[in-house]
Structures are given as C-alpha cells and as structure tokens.
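Asker: To start, I am sharing the structure in question, which I have written as structure tokens.
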Amino acid sequence: MTKLALRSIGLLLLAIAVSACSAPPYTNLSNEQLEPLLEQDIAVYDILRPLEWQQTGVIEGSRLMTFVDSDGRVLPDFLTRFTAQTAKDQPVILICRTGNRTRTLARHLVEQLGYTQVYNVRGGIRDWIREGGAVVRIDYTESDTAREAGAEL
C-alpha cells in the first residue's frame, strides 16, 4: 500500500473513532436530573415488558408501552402507538430496566423520526430504585400481560 492509501485509511479510522465518542443526539439523565423533570409533568414512557413492570414497579404516572418482545424484537405497532401519543416537539422521558433499550429508542426517535426533546434515564429503573426513587407496584392479570398495556397509572 502506498503512503497516501495508508494515510487515508488512518484518517477514516480516526473519523470513525471520533464520531463514536461524540455525544448522543438525545439527553442522558441521571436520577438527580430526572427528579425536576418529573415535577414538570413531562411524559415518562416506561418501555419494559409487563412481567418486568410487575418485578420492579414503575414511576408513578408513567405511560406503559412495551418496546420489544421477550426475544428483543421491536413490537410491530410500537412506533405507531408512540407517535400517535407524542408530538415531535414535545419533551419525552424514556426509561427501561438499565438504559440500554431506551438508548436505542432515543437515538431512533431523534435521528430517524425528528423528535427534538428526548431524555434517556441513563441507569434505568434499576438505578432509580437503588438510589431510593419511589415506584408504585402494579399487578397485571394474565390477560393484561398477554396484551399490551397502554394506560397511564
């Protein structure tokens, strides 16, 4: 390989590395940063599955809307239901178990769908509970678990 080719490859790899380290297009929140937003009544979407809601509880007032099935596949009607409830310029807070699912969803909402105020709870409901955040316990019947939950608590 020529020096020019090696230099070009090096610059490309550097550009990829730098872009991977850049800030995400959404806002990550710590639990401390989440609390004042909760007081502002910004919609919180808890995207866990019903069994997970039963196990952890949820932040009071959360909108429950499962994002992926137990195999990790995005539910086919999720984005249709989400976009029907939330305008692109409306602030939304996303929470899941650890912040992984919401990171994926937050990036998609901003980059692909044009949402402008998306907040991801970085450590998810696990860190919220571990740090003393309040949750309400919910109890779903089997029929509730079989269908998608969509009501606010």
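The values are calculated or read from the model by the stated rules, or taken from the named source; none is laboratory data. Every value quoted in this text rests on a predicted model; they were computed, and no experiment measured them. Cβ coordinates were reconstructed from backbone atoms using ideal geometry, including for glycine residues, and neighbour counts include every protein chain displayed.
Asker: Any idea which residue in segment 91-110 is farthest from Val68 (Cα to Cα), counting only those that are surrounded by fewer than 24 Cβ atoms within 10 Å (Cβ to Cβ) and of a type in the set (Ser, Thr, Tyr)?
Answerer: Thr98
Yes/no per residue for (1) of a type in the set (A, V, I, L, M, F, W, C); (2) in a loop (DSSP other than H, G, I, E, B):
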{"residue": "Asp41", "(1), (2)": "no, yes"}
{"residue": "Thr66", "(1), (2)": "no, yes"}
{"residue": "Ala87", "(1), (2)": "yes, yes"}
{"residue": "Gly114", "(1), (2)": "no, yes"}
{"residue": "Asp127", "(1), (2)": "no, no"}
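Asker: Which is modelled with pLDDT of 95 or more, in contact with a Pro (Cβ under 7 Å, 6 or more places away or on another chain) and not aromatic (Phe, Trp, Tyr), of Val92, Val110?
Answerer: Val110
Asker: Moving to a separate point now. Within segment 56-90, take every residue that is surrounded by 13 or more Cβ atoms within 10 Å (Cβ to Cβ) and closer than 17 Å to Glu111 by Cβ and give me the one that is nearest to the chain's Cα centre (by Cα).
Answerer: Phe67
Asker: Criterion first (touching a Ser or Thr at 6+ places or on another chain (Cβ under 6 Å) and within 28 Å of Glu32 (Cβ to Cβ)) does Val92 satisfy it?
Answerer: When the stated conditions are applied, Val92 passes them.
Asker: Can you pull out every residue in segment 90-109 that is among the β-branched types (Val, Ile, Thr) and closer than 16 Å to Ser30 by Cα?
Answerer: Val92, Ile93, Ile95, Thr98, Thr102
Asker: Right, another one. On the given criteria, is Val118 among the β-branched types (Val, Ile, Thr) and either in contact (Cβ under 8 Å) with a residue 24 or more places away in the chain or within 17 Å of Asn31 (Cβ to Cβ) (or both)? Lay out the reasoning, then the answer.
Answerer: On the way: among the β-branched types (Val, Ile, Thr): yes; either in contact (Cβ under 8 Å) with a residue 24 or more places away in the chain or within 17 Å of Asn31 (Cβ to Cβ) (or both): yes.
The answer is yes for Val118.
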